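Reviewing the structure listed below.
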Amino acid sequence: MDQTPRKDTVVIGLGNLLMSDEGIGVHLIRKFSEHQDKFPSVEFIDAGTGGMNVLHLIANRKKAVIIDCVKMGKKPGTIKRFEPADVQTTKKMMHFSLHEADILRIIELSGQLGECPDKIVIFGIEPESLDLGQKLSKTLSDGIDAYSLDICKELC
Amino acid sequence: MHNNLDINVHHITRVEGHGNIVVNVKNGKIEKLQWQVPEAPRFFEAMVRGHSYQDIQTIVSRICGICSITHSLAATKAVESALGINVSEQADKLRILMHYSEQLQSHTLHIGYLAAPDFFGTPSVVPLVARAADAVKTIVKAHRIANTWSDLIAGRTTHPVTLIPGGLTRIPTEKQLRELQQTLKDAVPDLKKIAEVVLSVAANVPKFERPTEYVSLKQTTPPTYTFYHGGVTSNDNKGAAVPIEKWHDVANEYMVEQSTAKWAKWHRDAYAVGALARFNNNAELLSPMAKNAAKTFGLQKGCCNPFMNTVAQLVECFHVVETSIEIIDQLLTKGLKTEKVTSSPKAGKGAGCVEAPRGILFHEYEFDKNGKCAAADICIPTNQNHANIQKDFEKLLPEILDQSEKDIRLKLEMLVRSYDPCISCSTHFLNVQFVR
């Protein structure tokens with residue numbers, strides 16, 4: 001159906017825009033999309049909470065960068081770059097749930113299917129608030145430019 | 001028979017969100033048996049208050065990552081009802097095409113990633129790749145086709161962007177529709193392959209029956225196996241359909257101590273929604289290939305085995321693909337036209353209802369004279385199934401109490417999963433611990 005060649009690198013923002021800092025991944029994708037012309041070989045995708053679809057979005061790319069709200073036990077607003085092998089999820093390793101789309105399990109499935117990118121990088125941002133609301137907390141809102149710069153380094 | 005048994009499944013896996021199963025048997029007597037939903041309720045209705053009628057469908061699309069098209073469609077229909085906005089035949093058909101793409105997305109996900117491991121006896125889909133690689137790859141392919149289909153009509157795989165009150169902001173070209181039609185024709189052999197795989201493990205579908213009230217949409221003009229138009233019916237309602245505006249008389253939502261989610265009841269003390277409900281109310285209107293699939297599995301109207309919901313979903317996969325091929329023919333025969341969509345604000349109240357993959361979904365909104373949302377009410381399908389899951393538990397457990405604790409636990413978990421519940425359509429964030 002869609003014959004458009006896929007770009008080598010994909011940046012995927014995950015999160016729920018209705019739950020304040022939970023939507024940080026999507027907010028960052030929106031910011032990057034405004035500057036798409038500076039990243040000709042990068043596709044920016046707001047994947048929202050369609051977690052399982054990440055399997056298809058990363059398939060057969062060279063590199064995937066995932067931006068997500070992650071509880072890491074760090075100070076709210078902290079951004080941390082990691083790769084799948086650096087972490088284990090606190091959920092049981094053998095289980096698989098969709099909405100909670102355990103991204104690490106999706107990456108594992110992608111590998112089993114032989115279509116996983118060579119390089120996957122996850123940027124986790126520690127939330128301050130997960131309350132209902134469409135605005136980021138001040139802490140994360142103030143950090144947006146710094147987060148963008150960190151992620152940008154991964155794309156250059 | 002167990003004299004004493006304690007099962008506490010904290011956060012059942014392979015369902016969306018958190019639900020618990022609690023079983024206490026003492027001296028051969030069932031003292032406690034509960035399906036619990038302990039999640040904090042999320043008042044999404046509050047999120048739309050004060051927003052323009054033009055923005056509601058975009059906001060509510062974020063409620064859920066799997067049913068986002070369905071939420072947007074229900075909201076759009078409710079807004080159109082409230083403000084008296086008409087929709088063209090072309091836009092109506094394109095919306096149904098959009099909606100069918102989500103049915104295929106969600107059903108293939110549930111059948112392939114969530115239910116199949118139960119039938120194959122694996123803990124998840126990841127180890128299933130080693131055991132049935134071709135089957136998993138076929139599921140992934142079908143799911144991928146459904147996603148691309150959503151991209152084309154909804155503008156995105158999830159959280160659609162082309163829907164607005166009165167129509168669509170963007171429509172596909174005739175060339176794109178022809179390509180989609182060919183893709184769907186090519187997908188039929190894959191669906192047959194998936195059906196063969198499911199059939200090969202169908203003996204593992206538990207034999208269990210409990211007479212149940214099944215609630216779904218019903219469309220009589222023209223008679224259609226509907227996901228989108230019509231009124232609300234049930235097998236207890238003597239074939240009559242209740243207008244959407246009276247949905248509160250159907251859902252009768254109420255609170256219970258064991259759950260933070262609301263429960264629902266209509267003619268009985270519980271009812272079921274979802275693919276099996278739609279099948280039981282409308283099976284004679286399925287497409288020919290869907291009817292064949294049902295026949296292959298021995299699925300007949302009146303089936304009251306909840307474990308067969310997954311089979312009904314598979315049957316519906318055939319229906320949405322076959323019907324979409326026809327809808328595209330109709331659209332191409334008439335020729336696609338660019339349509340200008342206009343609407344203006346006014347005060348009003350309206351309800352919208354569509355079938356989510358996991359059952360009937362109600363949205364209702366009230367707007368002031370400036371078109372700002374003054375009140376909202378959303379009733380999701382999973383909440384409508386909670387009471388029925390509890391009633392199924394109460395019949396099932398005594399029937400399997402002589403089985404091992406492991407088997408009892410598995411069957412109760414499988415029962416919940418068969419409803420394809422979506423408990424928290426909202427949050428997904430990871431909790432991680434660094435290992436190096």
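Derivation of every value follows stated rules applied to the coordinates shown; laboratory data play no part. Please read all numbers here as calculations on a predicted model, not as lab measurements. Using ideal geometry, Cβ is built from the backbone for each residue, glycine included, and neighbour counts are taken over all protein chains shown.
Let me know the shape class of the protein assembly as shown, please: from the alpha-carbon gyration tensor, a ≥ b ≥ c as square roots of the eigenvalues, rounded when a/c is under 1.5, otherwise prolate if a/b is greater than b/c, or oblate.
rounded
Please compute the average number of Cβ atoms from other chains found within 10 Å of each residue's Cβ in peptide B:59-71. Show your work: numbers first, answer last.
Working: counts 3, 1, 3, 10, 3, 5, 12, 8, 0, 3, 0, 0, 0.
Counting other chains' Cβ atoms within 10 Å and averaging over B:59-71 gives 4.
Could you run the Debye sum over the Cα atoms of the stretch B:111-236, one equal point scatterer each and no solvent, and tell me log10 of I(q)/I(0) at q = 0.13, 0.21, 0.23 Å⁻¹, two decimals?
Evaluating at q = 0.13, 0.21, 0.23 Å⁻¹ gives log10 I(q)/I(0) of -0.85, -1.17, -1.19.
Tell me which GluC sites (Glu not before Pro) from the stretch B:231-275 have a DSSP coil assignment and no more than 11 other beta carbons within 10 Å of their own.
Numbers: sites: B:Glu245, B:Glu253, B:Glu257; in loops: B:Glu253, B:Glu257.
Loop-located and lightly packed - B:Glu257.
Amide H to amide H, which residues 5 or more places from A:Ile67 or on other chains are under 5 Å from it, using H placed in the peptide plane?
A:Ile12, A:Gly13, A:Leu14, A:Phe123
Quote the FRET efficiency, to the nearest 0.05, computed for B:Lys301 versus A:Lys135 with a Förster distance R0 of 51 Å and r equal to the Cβ-Cβ distance.
Numbers: r = 50 Å, r/R0 = 0.97.
Approximately 0.55, to the nearest 0.05.
Over 19 Å between C-alpha atoms is what I'm after, so list which of B:Lys141/B:Lys185; B:Lys218/B:Lys337; B:Lys29/B:Lys391 land there.
Values: B:Lys141/B:Lys185 14 Å; B:Lys218/B:Lys337 30 Å; B:Lys29/B:Lys391 17 Å.
Where the Cα-Cα span goes over 19 Å, the pairs concerned are B:Lys218/B:Lys337.
Report, to the nearest 10°, how far helix B:309-334 tilts away from the longest principal axis of the Cα atoms in chain B, using its own Cα long axis and a range of 0 to 90°.
10 degrees
Given the -39500 (n - 2.57) contribution per DSSP H run of 4+ residues, what per-residue ellipticity at 222 nm results for chain A, rounded to the nearest 500 deg cm²/dmol? Don't skip to the end; give the middle numbers.
Values: 4 runs with 43 residues, N = 156.
That comes out to -8500 deg cm²/dmol.
What residues qualify as long-range amide H neighbours of A:Thr78, i.e. H under 5 Å apart, gap of 5 or more or another chain, H built at 1.01 Å from N?
A:Glu126
For B:Tyr214, B:Tyr254, which order do you get if you count the other beta carbons within 10 Å of each Cβ and list the fewest first?
Values: B:Tyr214 23, B:Tyr254 10.
Listing B:Tyr214, B:Tyr254 from fewest to most nearby Cβ atoms yields B:Tyr254, B:Tyr214.
Using Cα pairs under 8 angstrom and six or more residues apart, how large is the relative contact order of the stretch B:45-387, in percent? Working shown, then result.
Details: 630 pairs, mean separation 88.8, N = 343.
For the stretch B:45-387, the relative contact order is 26 percent.
I want to check the label-to-label distance for B:Asn8 and B:Arg131. Put each point 7 Å from Cα in the C-beta direction and report it in nm to one decimal.
Rounded to a tenth, the inter-label distance reads 3.0 nm.
Residue by residue through A:41-53, how many Cβ atoms from other chains fall within 10 Å of the Cβ on average?
Details: counts 0, 0, 0, 0, 2, 4, 5, 10, 15, 12, 5, 10, 11.
Other-chain Cβ atoms within 10 Å of each residue's Cβ, averaged: 6.
Nearest 500 deg cm²/dmol is fine: what mean residue ellipticity at 222 nm does chain B get from its DSSP H runs of n ≥ 4 alone, each adding -39,500 (n - 2.57), divided by its residue count?
Details: 14 runs with 190 residues, N = 436.
Computed mean residue ellipticity for chain B: -14000 deg cm²/dmol.
Using per-residue counts of other Cβ atoms within 10 Å, averaged over each peptide, order B:92-105, B:60-73, B:156-169 from highest down.
B:60-73, B:92-105, B:156-169
At 7 Å along Cα-to-Cβ for each site, give me the label-to-label distance between A:Cys156 and B:Val201 in nm.
The two pseudo-label positions are separated by 4.9 nm.
If packing is taken as the average number of other Cβ atoms within 10 Å across a peptide's residues, how do B:364-373, B:128-137 rank, most packed first? Before the final figure, lay out the partial values.
Numbers: B:364-373: 18.7, B:128-137: 16.7.
Descending mean neighbour count gives B:364-373, B:128-137.
So between B:Arg268 and B:Asn86, what do we pick up on full extension, going 0.36 nm a residue minus the alpha carbon distance? Numbers along the way, then the final one.
Values: separation 182, 0.36 × 182 = 65.52 nm, distance 3.63 nm.
Length difference between fully extended and current span is 61.9 nm.
How big is the shadow of the Cα convex hull of the stretch A:9-155, averaged over all directions, in nm²?
On the way: hull surface 32.8 nm².
Its average projected convex-hull area is 8.2 nm².
Would you mind checking the stretch A:139-156 for residues with the amide N under 18 Å from a putative spin-label position 7 Å along Cα→C-beta of A:Asp8?
Counting backbone N atoms under 18 Å from the label point, the list is A:152-156.
Calculate how steeply helix B:174-200 sits against the longest principal axis of the alpha-carbon atoms of chain B, using the helix alpha-carbon long axis, and give the answer as 0 to 90 degrees to the nearest 10.
That works out to roughly 10 degrees.
For a quick protection proxy, order the peptides B:49-55, B:381-387, B:402-408 by their average other-Cβ count within 10 Å, most packed first.
My ranking of the peptides, most packed first, is B:381-387, B:49-55, B:402-408.
Determine, from the Cβ-Cβ distance of A:Asn60 and B:Glu31 and an R0 of 51 Å, the FRET efficiency 1/(1 + (r/R0)^6), rounded to the nearest 0.05. Present the calculation step by step, with values, prior to reporting the outcome.
On the way: r = 54 Å, r/R0 = 1.06.
With a Förster radius of 51 Å, E is 0.40.
From the C-alpha coordinates alone, can you work out the Kirkwood hydrodynamic radius of chain B, in Å? Could you put the intermediate results ahead of the total?
Working: mean 1/r = 0.0449 Å⁻¹.
Value: 22.3 Å, from the Cα pair sum.
To the nearest 20 debye, what is the magnitude of the charge dipole of the protein assembly as shown about its Cα centre, counting +1 on the Cβ of each Lys and Arg and -1 on the Cβ of each Asp and Glu? Display every interim value, and only then the final one.
Working: 68 positive and 68 negative charges, 77 e Å.
Value, rounded to 20: 360 debye.
What are the membrane-span-like helices in chain A by this rule: whole DSSP H runs, Cα extent along the axis at least 20 Å, mean Kyte-Doolittle hydropathy at least -0.5?
On the way: long enough: A:138-155 (26 Å, -0.06).
Result, helices passing both filters: A:138-155.
Quantify how strongly other chains surround peptide A:16-23 by giving the mean number of their Cβ atoms within 10 Å of each of its Cβ atoms.
Neighbouring Cβ atoms belonging to other protein chains average 5 per residue here.
With a Förster radius of 45 Å, plug the Cβ-Cβ distance of B:Arg178 and B:Asp402 into 1/(1 + (r/R0)^6) and report the FRET value to the nearest 0.05. Write down the numbers at each step before the final one.
Working: r = 58 Å, r/R0 = 1.29.
About 0.20, to the nearest 0.05.
Between B:Ile164 and residues 5 or more places away or on another chain, which pairs have amide H atoms under 5 Å apart, with H built 1.01 Å from N, and which residues are they?
Residues meeting the criterion, in which the H sits 1.01 Å from N, are B:Thr169.
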